[in-house]
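First up is the structure itself, then whatever we jot down about it.
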Amino acid sequence: MLLWVKPFILWQNNTTVVQSTLSHTTIVSDLGRLDYKTTWKKQLELLSDCQKTKQEYLLMVEHPPVITLGRRRDSISNVLNDDNIDVVSVERGGDVTYHGFGQLVVYPILYLREDERDLHRYMRNLEQAIIDVLMYYDIKGDRISGQTGVWVEDRKIASIGIACRRWVTFHGLALNVTTDLKSFLKINPCGFDASVMTSMSNESSQDQIDIERIKPQMLQTLGHVLKRKFI
């Protein structure tokens, strides 16, 4: 069983105040619902600031429907039907993915110290934070060897795609909370058939599956695995 000190979490407007004994202070912004390109631009602005000042940031957002392509060369071949939805090529790793309403997207913009400079370990930490959140809802999340993301048996519930410049991370994770899974039929998500995708509302027997409830839980588990405190 994973144990951690539960921080006191307080929501004030769109800023989160987290009191914790952990080191490294990270500024959190809850962007609510915001289009992908505007959020991407904000990420790049904060990335530049973090490179200069070492001030860290974390964005939480829910995107209107959009398809994004990672650095994998043939990712465009996995777009089956864009259906008038924006298709955006970005610098994150991985293949094609879909973002839409009912999905919690988190972008940690973190300066990795010397003892943190292992991107595989960083992605495993993001996966662990998601797995720990799922435990609140009696969902057993797991990893599949050779595949990035979090799975429930053979169904994928969360995707991860990151980028890193001068040891500052950006892009991040997407957790399907109440996502309309039919939307994944537009793509082969990360090269898989769309039927592989699932969501928390599909997997949990609990009635109250809500992004707003999950946000502070995600901050708590991320704070633990990444050893950050959020303000």
Legend entry - Residues Glu114 and Leu31, FRET efficiency given R0 of 30 Å [Cβ-Cβ distance, rounded to 0.05]: 0.45
Legend entry - Förster radius 25 Å - calculated FRET efficiency between Asn81 and Glu153, Cβ distance, rounded to 0.05: 0.35
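For the chain, give me the percentage of DSSP beta bridges that are antiparallel, rounded to the nearest 5 percent.
Here the antiparallel bridges make up roughly 75 percent for the chain.
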Legend entry - Point-charge dipole on Cβ atoms (K/R +1, D/E -1) for the chain, about Cα centre, debye to 20: 820 debye
Legend entry - Cα→Cβ-extended label distance, 7 Å offset, between Ile231 and Leu44, nm: 2.9 nm
Legend entry - Table column - 3J(HN,Hα) (Hz), segment 222-231, Karplus curve with 6.51, -1.76, 1.60, x for Gly and Pro: 5, x, 5, 6, 9, 6, 10, 10, 9, 10
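Using 0.36 nm per residue of separation minus the Cα-Cα distance, give me the extension gain between Asp193 and Arg165 in nm, one decimal.
6.9 nm
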Legend entry - Qualifying aspartates and glutamates (Cα of each under 18 Å from Cα of Lys182; at least 8 residues distant if same chain): Glu62, Asp82, Asp83, Asp86, Asp154, Asp193, Glu203
Legend entry - Label-point gap, in nm, between Lys52 and Tyr136 - each point 7 angstrom along Cα→Cβ: 3.5 nm
Legend entry - Computed over segment 15-230, the ratio Rg/Rh where both radii use C-alpha atoms and Rh is Kirkwood: 0.93
Inset, instruction - Looking at segment 106-231, send over the antiparallel percent of its DSSP beta bridges, to the nearest 5. - result: 95 percent
Inset, instruction - Divide, for segment 154-231, the radius of gyration over alpha carbons by 2.2 N^0.38 Å, where N is the residue count. - result: 1.28
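Here, each number is a calculation from the coordinates, and none is a lab measurement. Nothing here was measured: the structure is a model prediction, and the numbers come from that model. Cβ: placed from backbone, ideal geometry, glycine included. Neighbour counts: every protein chain shown.
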